[in-house]
Amino acid sequence: MSATPEPLRCFRAIPGDLAPRDAQDLMAHPFFSLAKSRRTTPIDFRTATVTVRVEGTLDHGIATIWDADILIWAASQLVEARDAGIPTSRLIQATPYEILRFISRGTSQRDYQRLKAALDRLQSTSVATSLRETTGRRLHRFSWINEWRELASPDGKPLGLEMILPDWFYSGVLDQALVLTIDPAYFKLTGGIERWLYRLVRKHGGRQVDGWQFDFRHLYRKSGSAARYSDFAYDLRVLVARQSLPGYRLSTLRIPPSTELLAFRPVPHAARG
């Protein structure tokens, strides 16, 4: 007979202003829908060494890049606690207010309902990936949140919520090499491609003085976007014109006959490590 698993101890979220941290694997690969409308078409990204497949339910769709703000909050909590010598756990307890304030959302009843919908999408989204698997061929399968629940006192007074993170995410975050600090202004970015591009640029651009370049079509494949390539390329050019990514300067280059490149480099003193 198998042993009964030991129950998870609860980690109470740390109050106050914390530096936002993001998981590098999530920044570099297409794990989230970039659309605000419900997406049920799977994301299927494959290279010679990496497989990422993401599926959502008909009821909820695939978790979006805005839903991923909750995972950024969780990563920030875990890293802050680890660095302070506070024991952590995959079971995290917090109030909706604490999460919403951290990710720069409102705290109205409507915002609380949107938070619950985001938690539902994270819980119902199924991920299969070969990332961090030693052979590069075996797949690790999980949901972004194993389960979550609202807490209440015996008389019905709300006491916050609890969520259980998957081991794949939890173990990656606690390896310092797999987490990067991001600019708090990220939470103010409103477009899906805009948010995805910032995370990719932050992951690859870092502090490199000469920056980085990507072919537009390569970016399109890496984004997992459901948009047409022509629309995706147009959106990239708009972002270059707007220069809205905090800490980075974007530009485009054309290589005859038809290759278009997106180049980016950190603004001096703006890149964070």
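Side notes on the structure shown:
- Charge context of L189, other residues only, Cβ under 14 angstrom, K/R +1, D/E -1: +2
- GNM top mover of A152, A74, A23 - the chain, alpha-carbon springs below 10 Å: A152
- Proximal charge balance of P87 [Cβ under 11 Å; K/R count +1, D/E count -1]: +3
- Average 1/r across all pairs of distinct alpha carbons in segment 137-208, invert it, and you get the Kirkwood radius: 15.7 Å.
- Unsatisfied cross-links (Cα-Cα over 19 Å) in the set K36/K116; K116/K203; K116/K157: K116/K203
- Charge tally in the Cβ shell below 15 Å around R149, where Lys, Arg are +1 and Asp, Glu are -1, R149 excluded: -2
- Of the chymotrypsin sites (Phe, Trp or Tyr not before Pro) found in segment 42-83, none is in coil by DSSP with at most 12 other Cβ atoms within 10 Å of its Cβ.
- Choice from K157, K116, K36 with maximal GNM fluctuation in the chain (Cα, 10 Å cutoff): K157
- In segment 122-273, the inverse of the mean reciprocal separation of distinct Cα atoms equals 18.3 Å; this is its Kirkwood hydrodynamic radius.
- Dipole magnitude of segment 185-266, debye to nearest 20 (Cβ charges: Lys/Arg +1, Asp/Glu -1, about Cα centre): 240 debye
- Of the trypsin sites (Lys or Arg not before Pro) found in segment 173-273, those that fall in a DSSP loop while having at most 12 other beta-carbon atoms within 10 Å are R207, R228.
- With kT/(6 pi eta Rh) evaluated at 4 °C and eta = 1.567 mPa s, and Rh the Kirkwood radius from Cα pairs, segment 16-160 diffuses with a coefficient of 78 µm²/s according to Stokes-Einstein.
- Cα shape, segment 185-266, gyration tensor, a/c 1.5 rule: oblate
- Highest mobility in the GNM of the chain, judged by mean-square fluctuation with C-alpha springs under 10 Å and restricted to L180, L151, L91, is found for L151.
- Taking segment 144-273 and dividing mean pair separation by its residue count, relative contact order in percent (alpha carbons under 8 Å, at least six apart): 23 percent
No lab work stands behind these numbers, since they all come straight from the coordinates. What you are looking at is a predicted structure, and each value in this text was computed from that prediction instead of being measured. Backbone-built Cβ (ideal geometry, glycine too); neighbour counts: all protein chains shown.
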